[in-house]
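Worksheet for the structure shown next.
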Amino acid sequence: DDTSAILNTLDEQAVLMPAGMKPIIGKENIKQFWWPNDGSRTKVTEYTMKVMEIDGNNDLAYTRGRAELTFTYEKDEEKTEQTNSTMSLTLYRRDPEKG
């Protein structure tokens, strides 16, 4: 349950595409979606990804696969656990500062 560690995997222009919702664009908007400042607490308890395809070049690559995310959500006296299974497409860009 490390919010910063999760957010540090995202680019500033990251796009989250939850099923049935409009895309959520930008790291800060994703943070507000997953961890709103309303007294609630979202805790990621498990994330797995099965890579089905990977390709790219020296500067840009992608993975396509299936992902499963399990999390708990708590607010006031209510606590729920949910698991979402999705298809995923992740783009990776080389950071020129890190080589």
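The values are calculated or read from the model by the stated rules, or taken from the named source; none is laboratory data. Note that the coordinates shown come from a computational prediction; the quantities given were computed from them, not determined experimentally. When we count neighbours, we look across all protein chains shown, and the Cβ atoms used for this are built from the backbone with ideal geometry, even at glycine.
So here's what we get for this one:
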{"read-out": "Hits in region 40-65 (condition: free of Cβ contacts under 8 Å to residues at least 12 places away in the same chain, exposed (fewer than 10 other Cβ atoms within 10 Å of the Cβ) and not acidic (Asp, Glu))", "value": "Asn57"}
{"read-out": "Search result, residues across region 66-99 that are charged (D, E, K, R), at negative phi and in contact (Cβ under 8 Å) with a residue 12 or more places away in the chain", "value": "Arg66, Glu68, Glu74, Lys75, Glu81, Arg93, Arg94"}
{"read-out": "Lone unmet requirement of (1) within 12 Å of the chain's Cα centre (by Cα); (2) modelled with pLDDT of 90 or more; (3) not aromatic (Phe, Trp, Tyr) for Ala5", "value": "(2)"}
{"read-out": "So Tyr47, is it at pLDDT 95 or above and of a type in the set (Phe, Trp, Tyr)", "value": "no"}
